[in-house]
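Here is the structure we will look at, set down as structure tokens.
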Amino acid sequence: MSSVPINAISSQEMQRLAFIRLLVQQGVEQAARPEPIAAAAILTFHDAVELFLMLASEHLGVTVPDKGGFVPRYFDSLHPDKAGPAGVDLAGRLGVKRLTDHRNAFKHAAALPSGTAVVQARDDTERFFEENTPKVFNIPFDSIDMVELIPQPSTREQTRTARRAWQQGDHLKAMGTLALAFEELFTTHVMNPDHGYSPFAFGPAVEHGAFMGRDIARAITAANGERTHRNPTRGVDQVGKQVQQLSSTVFEMQAALRVMTLGIDLHRYFRFKALSPDVDKYADQRVEFYDAGGRFQADEDGFAYCEQFVLAAALRLAELGGHTTPTWRDAR
């Protein structure tokens, strides 16, 4: 006899649940944007609910008819009155009905939902998943691990390590590990497999530093071959400062271009950087996380944001890999 319990969650179902949770989080972010951009959240929320109900019917082994209204098709078909012992009495029927009405009016009649309607849809959707995920799958919705969606093994393991550190109260390590995971993804993006620079690197990394202008000025002043550096003249000093400013500007522009080629919104990237502590890597493979500026403040929302940011970057990089890997590499 099999030791697997009835209706145990398979790995494939867990991946689908992870994707559904990702959709819900994206919908929440969309709902927080100004009108009318926030209206897109209605479509995202409805997609997440529909995918959940489809998965629930498959998981419970209940056949749902192809015809009929969206809400009665699932809520009635999955109810124990029709499905018998395998069925479940789903909560949130009225909220899903409201969401469906707004989605249909928006998608089929181009009727933009109001800001109040978007907020209501957000609350209804979050309540729907909080109440029904334990009923159908016997797990809390917020326990669904989206890490399963990350295709890169190293990044997936680092994200798991970050989650464990967060649960253990080591918030600095948790956030730092997410920063390290993104840094490694980013390095993979700008370096090609032959250890050179990819087209997305926009050239070698530009050097910059607080003392670059002074060092350049001294070098120019000492260009006559003297071994000792004299104090630079005013004109040479200005050249040094100009080169330093130019290098700093190009450094920031190069970093921004590299991020944008990943398809990541710069505002999201800057928020991720603002939430993350500093990371130091040493030659002996040691890694240290620290908060040099005293700006690091960790909370659950911040960790969730950074975790989703790494997930989105990992998925995007996997997608880009399919377009940028030469076909002759696949033939090796």
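Just so it is clear, none of the values below were taken in a lab; they were calculated from the coordinates. Quantities reported herein were computed from a predicted structural model and do not represent experimental measurements. When we count neighbours, we look across all protein chains shown, and the Cβ atoms used for this are built from the backbone with ideal geometry, even at glycine.
Report, by chain and number, residues whose modeled amide H sits under 5 Å from the one on V62, excluding near sequence neighbours (fewer than 5 apart, same chain).
Counting only residues 5 or more places away or on other chains, the set is empty.
From the backbone phi of the range 164-172, what are the Karplus-calculated ³J(HN,Hα) couplings (6.51 cos²θ - 1.76 cosθ + 1.60, θ = phi - 60°) in whole Hz, Gly and Pro given as x?
5, 4, 5, 5, 8, x, 8, 5, 5
I'd like the FRET efficiency for K273 and A304, computed as 1/(1 + (r/R0)^6) with the beta carbon distance as r and R0 of 25 Å, rounded to 0.05.
On the way: r = 17 Å, r/R0 = 0.66.
Given R0 = 25 Å and the Cβ-Cβ separation, E is 0.90.
Please rank T155, T116, T125, fewest neighbouring Cβ atoms within 10 Å first, as an exposure proxy.
Values: T155 24, T116 8, T125 27.
In order of increasing Cβ crowding within 10 Å: T116, T155, T125.
Determine which lysines satisfy two conditions relative to K67: a Cα distance under 23 Å, and not lying fewer than 8 residues away in the same chain.
Hits, sequence-local ones excluded: K82, K97, K107.
Output the peptides 173-182, 48-57 sorted from most to least packed, where packing is the average of other Cβ atoms within 10 Å over each peptide's residues.
Numbers: 173-182: 24.7, 48-57: 20.5.
Per-residue Cβ counts within 10 Å, averaged per peptide and sorted highest first, yield 173-182, 48-57.
Subtracting the Cα-Cα distance from 0.36 nm times the residue separation, let me have the gained length for K82 to E319 in nm, one decimal. Don't skip to the end; give the middle numbers.
Values: separation 237, 0.36 × 237 = 85.32 nm, distance 4.24 nm.
Taking K82 through E319 to full extension adds about 81.1 nm, to one decimal.
For K173, go through the lysines and keep the ones whose alpha-carbon is under 27 Å away, minus same-chain ones fewer than eight residues off.
In chain and number order, the partners are K273, K281.
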